[in-house]
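All remarks here apply to the structure that follows.
The values are calculated or read from the model by the stated rules, or taken from the named source; none is laboratory data. Here the structure is a predicted model, which is why all the values come from computation and not from measurement. Cβ placement follows ideal geometry from the backbone for every residue including glycine, while neighbour counts extend to all protein chains displayed.
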């Protein structure tokens, strides 16, 4: 979009309804207008797919070059006679190349008349079951009906009925009556997902999209077929009937599913503070227009199996923390436990997490550094299967970000598996996050105490002596650095489900641990100074903090 | 500059104040005796003994909501949430569900698994009735929400709303509806379309 043009040759332009539209090489009229944020009505065209030109919605009038005209009879309203006239032959804007100097009209009476007619034809057999259709509110048929037709239906006979609620797979339901046969889903499966599992059969009003025989829609990008569907023909079984789209608000975010870091729109209901779905946000540098199914469904983890309060180990022989202390001052309990390990001169391990934001991890690194450690372990989700399209084999969104933060603080990151593999017996392990790839039973063998600052219930939180709830990616702002090294910030989408920002907990811990160690306020760094150091990322803070760590040792 | 206000003309007895007080007390006392000892049937009394006795409401009075039924007793509501969208008091809570495999309405209809109206929060504006595309919610019951001691009694759920009859005793809607699966349905469906 912002390519440098040599000054000698100004960028060629054409005019669309009197507006100058610059042309990139290879642009069609529709694409050049789309780049400028001007929408010529269309169904089948998608910037990430090949051009099919089968919906005929984007017809425009081109009044330059060799203008083709058709002879027609037009009724003269004054006399009531039909007289000979000509009308221009319209061209599909998605397929007609934008030529420099062309004069194009998408809002002329002829073009608007064509939009009206195409819209009416597409709605001939439409069931108009908007009340039970999930697409209602974001449906192109509705939008263009208001823009171009806004007219009563003239067809009085019963519409043709076709299969409804056909299950295409675990994620997608197909409704042939609502389908306008734009073939976007078919082209997506063939061109992007490289799995040509969808095709169409029959013709005319018996046309329908079908699965390849013996197959279900089961590749890793099935929800994208719903995303590209301009009408309600394909609906997501996950989102189906959960909410009406007009109740949802949208916030930009970044997918936390893998090291690709796809840009997303997070749709949430502000009345309930609940996430309902993720949609891809266009970013040509990262994910173009797409996301994978696992990424799109990763919003669910924000509301499922969350750690809702401080919990302590239920193991036999574990020291009980009194409920009063556990619920009112869990951070002080944790600080005292850490200080106790330091006093006993037992070894302490800090575990950063590649699944969490750079801010959270920097706070942990600073805590470790303040206590005199220069070696921090790095945990994360176990690897998953990647592919050539979007999915990165690294299941963690921020490995690069943690590594960058560690090198900035001159600290060494060691894989968390070393905790279990090394011969050292630890006095205590502070684990940031609940994502892990180690055997928890073996981890408990390797350490006397385990403390977790995490988001989710599960094996690790259950095995911890103390687990404190912290906020997930949806409830606090942060930064992920993806595998390509692009740092992408996101902000809070919904109000906190449970817990506090882990960076805040960790930075409070620094002061509390140091206070527990010698009981004197003189050596306690104030939280404000520490947050300032974190925000500016300056190294000047580090030596003094490390010095205090050395002193108490 | 103020506007000159004409002072009311007052007679001497009015200005004396006490006779006027006596006059007022006589009217009050007469109403007291009339209301206490006279029979309500004679129409001497302006008030009614609500709730035992109720005035006749006008025909278009908006009463407690009801959900209309289909021929087979299932709700006409398709859980489109248009009513809760239109509701300015946000008193309608709906959880949609889908007709399962084998049901003739599968794919054509969804239905409200949960449909709750908070009659305390409702302002009886009638917007939900206007918004409904299926004539499924109506306020033609003529019923004034009866008093209760618990708030929960005002949360009317789907089962209650479906049983509440209209003022004429009907639980259906006067507007007929023909759906796929009904024997009155005029359209061709896939089984009869020959492909």
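When the helices (runs of 4 or more DSSP H) confined to region B:64-168 are screened for residues that are within 10 Å of another protein chain (Cβ to nearest Cβ) and touching a helix residue (DSSP H, G or I) at 6+ places or on another chain (Cβ under 9 Å), those reaching at least 3 such residues are found at B:82-86.
Given (1) modelled with pLDDT under 90; (2) surrounded by 19 or more Cβ atoms within 10 Å (Cβ to Cβ), identify the lone condition not met by residue A:314. Unmet condition: (2).
Taking (1) modelled with pLDDT under 95; (2) away from chain B (no Cβ under 14 Å) in turn, residue A:208 satisfies each apart from (2). When you look at residue A:428, is it modelled with pLDDT of 95 or more and touching a helix residue (DSSP H, G or I) at 6+ places or on another chain (Cβ under 7 Å), yes or no? Here the answer is no, as residue A:428 does not meet what is asked.
Listed conditions (1) outside any helix (DSSP H, G or I); (2) within 14 Å of chain A (Cβ to nearest Cβ) are all met by residue B:58, apart from (2).
If you filter region B:1-57 down to residues that are touching a residue at least 60 places away in the same chain (Cβ under 8 Å) and surrounded by 10 or more Cβ atoms within 10 Å (Cβ to Cβ), you find that the one that is nearest to the chain's Cα centre (by Cα) is B:57.
For region B:15-53, what are the residues that are within 30 Å of residue B:145 (Cβ to Cβ) and in a helix (DSSP H, G or I)? Passing the criteria: B:35, B:40, B:41. Taken over region A:132-149, the criterion of being surrounded by fewer than 18 Cβ atoms within 10 Å (Cβ to Cβ) and either in contact with a strand residue (DSSP E or B) (Cβ under 9 Å, 6 or more places away or on another chain) or away from chain B (no Cβ under 14 Å) (or both) is satisfied by A:138, A:143, A:146, A:147. Exactly one residue out of A:160, A:118, A:166 is buried (at least 16 other Cβ atoms within 10 Å of the Cβ) and free of Cβ contacts under 8 Å to residues at least 12 places away in the same chain, and it is A:166. Checking the condition in contact with a helix residue (DSSP H, G or I) (Cβ under 8 Å, 6 or more places away or on another chain) and surrounded by 24 or more Cβ atoms within 10 Å (Cβ to Cβ), which residue from A:517, A:419, A:450 passes? Checking each option against the conditions leaves just A:450. What do you reckon, is residue A:271 closer than 16 Å to residue A:492 by Cα, over 16 Å from the mean Cα position of the chain (by Cα) and not in a helix (DSSP H, G or I)? Yes. Being surrounded by 17 or more Cβ atoms within 10 Å (Cβ to Cβ) and in contact with a strand residue (DSSP E or B) (Cβ under 7 Å, 6 or more places away or on another chain) holds for only one residue in A:498, A:405, A:461, and it is A:461.
Can you name every residue in region A:218-250 that is in a strand (DSSP E or B) and surrounded by 17 or more Cβ atoms within 10 Å (Cβ to Cβ)? Of everything in region A:218-250, those that are in a strand (DSSP E or B) and surrounded by 17 or more Cβ atoms within 10 Å (Cβ to Cβ) turn out to be A:234, A:235, A:236.
Remark: residue A:129 matches the filter, which requires a residue to be buried (at least 18 other Cβ atoms within 10 Å of the Cβ), at the interface with another protein chain (Cβ under 10 Å from one of its Cβ atoms), modelled with pLDDT under 90 and closer than 24 Å to residue B:86 by Cβ. Scanning region A:10-57 for residues that are out of contact with any helix residue (DSSP H, G or I) (no Cβ under 8 Å at 6 or more places or on another chain) and part of a loop (DSSP other than H, G, I, E, B) yields a total of 13.
Residues of region A:159-203 that are touching a helix residue (DSSP H, G or I) at 6+ places or on another chain (Cβ under 6 Å), assigned to a strand (DSSP E or B) and within 9 Å of another protein chain (Cβ to nearest Cβ): none at all.
For region A:181-203, a tally of residues being within 11 Å of residue A:54 (Cβ to Cβ) and surrounded by fewer than 17 Cβ atoms within 10 Å (Cβ to Cβ) returns 1.
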